[in-house]
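Read through the structure below, which is laid out as structure tokens, and then see the notes.
The values are calculated or read from the model by the stated rules, or taken from the named source; none is laboratory data. This one's a predicted model, so the numbers in the text were calculated from it and none came from an experiment. Neighbour counts are summed over all protein chains in view; Cβ atoms, including those assigned to glycine, are modelled from backbone coordinates with ideal geometry. The area values use the complete protein model at the heavy-atom level, side chains included, leaving out ligands, DNA and RNA. Shrake-Rupley method; radii C 1.70, N 1.55, O 1.52, S 1.80 Å.
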Amino acid sequence: MKKKAWHRGLAVPRARNVIEAIMWHCYSKNSQAYSCAMQFYNLPKADRDAVVKFINSI
């Protein structure tokens, strides 16, 4: 019998993509990366796409 892993809220093992990983940092205003994640969220789509392309290239 397989054991089920239960997760609460955003406490899942892995982000499905770069944008989701960045946005997980907005879960709380107490997060150290909250302001950076919000800046990313407020960028125009073309700029967000450029950031994602850069992250995927490294």
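Given the structure, is residue 15 free of Cβ contacts under 8 Å to residues at least 24 places away in the same chain, open to solvent by less than 50 Å² (accessible area, probe 1.4 Å) and not in a helix (DSSP H, G or I)? So residue 15 fits the description; yes. Within the set 56, 17, 42, the sole residue that is among the polar types (S, T, N, Q) and modelled with pLDDT of 95 or more turns out to be 42.
Checking each residue in region 18-58 for being in a loop (DSSP other than H, G, I, E, B) and open to solvent by 70 Å² or more (accessible area, probe 1.4 Å) picks out 27, 29, 30, 32, 44, 58.
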